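Data first, discussion second: the structure below is written as structure tokens.
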Amino acid sequence: MAKVELFVNGRAVTGEAEDRTLLVHFLRENLGLTGTHVGCDTSQCGACVVHVDGRAVKSCTMLAAQASGSTITTIEGLSPNGELHPLQVAFRENHALQCGFCTPGMIMTSVDMIRRHPNGLDEATVRDQLEGNICRCTGYHNIVKAVLDASDKMGKGAVKAA
Amino acid sequence: MYETQYHRAASVEEAARLMGEAEDGKFLAGGMTLIPTMKQRLASPSDLIDLRRIEALKGVTVDGRTVRIGAVTTHYDVSTNEELAKICPAITNLAGHIGDPQVRNMGTIGGSIANNDPAADYPSALLALDATIITSQRSLPASDFFIGLFETALQPDEIVVAVEFVAPDKAAYKKFPNPASLYAMAGVFVAKSGDNIRVAVTGAGEGGVFRLKDAEAALAGNFSPSALDSLAVDPDVLLSDMHASADYRANLVKVMAKRAVAEISNRPM
Ligand code: FES
Ligand code: FES
């Protein structure tokens, strides 16, 4: 068994898991954070994306033991006070989800994407950067719209704040 | 996934020792190939020895035109290194187009070359750049390091520490990715330093990455895309699978080579 120590959504957590336990299962089963989804067993769909030390990672493709010592943000950590994160707002306003299964991963990927592109995004970049996330419902169009919308608003916010 | 024992090494020496003690161990870097393979039960190492947190294996150093990339440096960190982009944008571009963003955030150069997937991008760059692979035991040129499909010169307890190369005058990498897997169906890296031209091909070779010496010879007299018009790529040494036949790959290799030369020479195809 491996001892797993993480800092998840601002909270220090410690737990035990088999060495082979994937981070996503540790988050869902040990910590009850079921917002992070499992959509495939081939590391392709991106429903499981979380941030590990500030970077978007597929939590189904990392062992919990490997992550031990890291800071993790899951979809639950985006709205700690119940107020939606600007990306969550944008997804809602742009009708960027249907069944919602891919949404946590889409949003966690997009938060990372927007952070890495502080000067804004264009459609081609968003589509390219969503390469690791699969949606079975929306046809992507509204997801791309939502990310552009959020990037616009978050970018403007940043300019205002500066 | 079958059971395994996870170990986190703090140093290269400790990693080598842990490997020596393991029954059937594997080194783990970013895990972008190994973990999915274990999930499919296609690999079942008794022990995993994690190299990712070893400080000595991290980071990019640029000294004049000499570049050193530590083995556990992620594709993302290579792709966004500004100093490196100034002297060798071909390699930062290559790193920025491996897999998807999540793969680039975890995947490492050392893991990529130690795995030597016939469709991985980095092997072509290192072969074309005449890079030196520094391991825990020795230094060897890329041409001696890459041996065949998923095969390298690494001994079981030998660890890739870094790769080193001198930035060429100019270089370009062009690939034709499979739209689903994003792996190259053919990728060609062309490097030019003075009269020295090296062309390496990934994604297409039956024996993994290889140098395209006919293209190098054709370009020696006339460094322009048209010099490759009459290039005949031998399909007999190329992979043929559900994604592409050998003949199709032969054509892709030629087209990717021409695109790379077009970019470097700034001449139309
Ligand atoms: S569940 Fe992680 S990529 Fe599909
Ligand atoms: S909204 Fe259903 S999978 Fe994306």
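The values are calculated or read from the model by the stated rules, or taken from the named source; none is laboratory data. This structure is a prediction, so every number in the text was calculated from the model and none was measured. Note: ideal-geometry Cβ built from the backbone for every residue, glycine included; neighbour counts use all protein chains shown. To get the accessible areas, we keep the full protein, side chains included, count just its heavy atoms, and leave off ligands, DNA and RNA. Shrake-Rupley method; radii C 1.70, N 1.55, O 1.52, S 1.80 Å.
At a glance:
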read-out: Selection within region A:52-71 - more than 10 Å from ligand 1 (Cβ to nearest atom) and either farther than 16 Å from residue A:31 by Cα or surrounded by fewer than 24 Cβ atoms within 10 Å (Cβ to Cβ) (or both); value: A:52, A:53, A:54, A:55, A:56, A:66, A:67, A:68, A:69, A:70, A:71
read-out: Residues located in region A:126-150, provided they are more than 13 Å from ligand 2 (Cβ to nearest atom), open to solvent by less than 70 Å² (accessible area, probe 1.4 Å) and in contact (Cβ under 8 Å) with a residue 40 or more places away in the chain; value: A:132, A:147, A:149, A:150
read-out: Residue within region A:65-87 that is at pLDDT 95 or above and within 16 Å of ligand 2 (Cβ to nearest atom) present; value: yes
read-out: Filtered residue count, region B:173-202, keeping only those that are under 24 Å from residue B:134 (Cα atoms) and within 14 Å of the chain's Cα centre (by Cα); value: 8
read-out: Contacts under 7 angstrom Cβ, first residue in region B:18-45 being more than 16 Å from residue A:42 (Cα to Cα) and within 12 Å of chain A (Cβ to nearest Cβ), partner of a type in the set (Lys, Arg) and open to solvent by 50 Å² or more (accessible area, probe 1.4 Å), 6 or more apart; value: B:45/B:26
read-out: Residues within region A:95-125 that are within 9 Å of ligand 2 (Cβ to nearest atom) and either in contact with a Phe, Trp or Tyr (Cβ under 7 Å, 6 or more places away or on another chain) or assigned by TED's automatic domain parsing to the domain that holds residue A:60 (or both), tallied; value: 2
read-out: Tabulated pairs, region A:17-39, first within 14 Å of residue A:105 (Cα to Cα) and within 16 Å of ligand 2 (Cβ to nearest atom), second in a helix (DSSP H, G or I) and of a type in the set (A, V, I, L, M), C-beta under 6 angstrom, 6+ apart or interchain; value: A:35/A:75; A:36/A:24; A:36/A:27; A:38/A:24
read-out: Residues (surrounded by 18 or more Cβ atoms within 10 Å (Cβ to Cβ) and away from ligand 2 (no atom under 16 Å from the Cβ)) located in region A:40-51; value: A:43, A:50, A:51
read-out: Qualifying positions in region B:1-17 - over 16 Å from residue A:66 (Cα atoms) and at the interface with chain A (Cβ under 8 Å from one of its Cβ atoms); value: B:2
read-out: Residue match in region B:234-245 (condition: under 21 Å from residue B:203 (Cα atoms), open to solvent by 10 Å² or more (accessible area, probe 1.4 Å) and touching a residue at least 40 places away in the same chain (Cβ under 8 Å)); value: yes
read-out: Qualifying residue in region B:126-147 (condition: within 14 Å of chain A (Cβ to nearest Cβ) and of a type in the set (S, T, N, Q)); value: no
read-out: Residues of region A:74-118 that turn out to be within 16 Å of ligand 1 (Cβ to nearest atom) and touching a residue at least 40 places away in the same chain (Cβ under 8 Å), as a count; value: 11
read-out: Failed item in (1) away from ligand 1 (no atom under 16 Å from the Cβ); (2) at pLDDT 95 or above, with residue A:153 passing the rest; value: (2)
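So that you can scan it fast, the table gives a plain yes or no per residue for (1) over 21 Å from residue A:40 (Cβ atoms); (2) open to solvent by less than 10 Å² (accessible area, probe 1.4 Å); (3) of a type outside the set (Gly, Ala, Ser); (4) more than 14 Å from chain B (Cβ to nearest Cβ):
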position: A:105; (1), (2), (3), (4): no, yes, no, no
position: A:109; (1), (2), (3), (4): no, yes, yes, no
position: A:116; (1), (2), (3), (4): yes, no, yes, no
position: A:124; (1), (2), (3), (4): yes, no, no, no
position: A:155; (1), (2), (3), (4): yes, no, no, yes
